[in-house]
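Report on one structure; see the data block that follows.
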Amino acid sequence: MLMRPAFAHRLFEFLCDEVLAPHIEVMREKAGIPDLLMDGRDAWASPPMISLDMMDEYVVKYTNRLRDKVGGNLITRGNWGDAKSRDVERFFAQKTKCSPGSLSVLDPISMKLGRSA
């Protein structure tokens, strides 16, 4: 992704359009639930493994692309690294773009936010 971003984008486009979207369509069809919620997770797509700029460029962008392809009802969660993000508010905003209507706080340090000592 750092060394060959154009290749990474082509790969993610292929995975979204030619692999994941058709797979999701078949799963929904076989389940008989056309709007079945799809919930993806990838802890490797988290700080400090990737930067927040990379989170925007790859995770948020391709989650939205896949959601658009399959007609919605798709979320991605499992992004750890709240305390390593260096900008927890931005990271939480990115997480809510990937999982509209909810915020998954997975870092034990961040879970203490808002609690009185």
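The values are calculated or read from the model by the stated rules, or taken from the named source; none is laboratory data. Because the structure is a prediction, the values reported are computed rather than measured. Counting neighbours? That spans all protein chains shown, and the Cβs are built from the backbone with ideal geometry, glycine included.
Here are the numbers for this structure:
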{"read-out": "Breaking point among (1) closer than 20 Å to G101 by Cα; (2) within 14 Å of the chain's Cα centre (by Cα), for D53", "value": "(1)"}
{"read-out": "Selection from the range 63-93 of residues that are modelled with pLDDT of 95 or more, in contact with an Asp or Glu (Cβ under 8 Å, 6 or more places away or on another chain) and assigned to a helix (DSSP H, G or I)", "value": "R65, K69"}
{"read-out": "Subset of the range 35-62 (residues that are in a helix (DSSP H, G or I) and among the basic types (K, R))", "value": "K61"}
{"read-out": "So K69, is it in contact (Cβ under 8 Å) with a residue 24 or more places away in the chain and of a type in the set (D, E, K, R)", "value": "yes"}
{"read-out": "Pick from the range 56-100, criterion farther than 24 Å from D17 by Cβ and of a type in the set (A, V, I, L, M), ranking: nearest to the chain's Cα centre (by Cα)", "value": "A93"}
{"read-out": "Residue match in the range 44-53 (condition: at positive phi and either touching a strand residue (DSSP E or B) at 6+ places or on another chain (Cβ under 9 Å) or free of Cβ contacts under 8 Å to residues at least 60 places away in the same chain (or both))", "value": "no"}
{"read-out": "Residue ID - farthest from S85 (Cα to Cα), chosen from residues in the range 8-53 that are aromatic (F, W, Y) and surrounded by 11 or more Cβ atoms within 10 Å (Cβ to Cβ)", "value": "F14"}
{"read-out": "Residue within the range 104-114 that is exposed (fewer than 15 other Cβ atoms within 10 Å of the Cβ), part of a loop (DSSP other than H, G, I, E, B) and touching an Asp or Glu at 6+ places or on another chain (Cβ under 8 Å) present", "value": "no"}
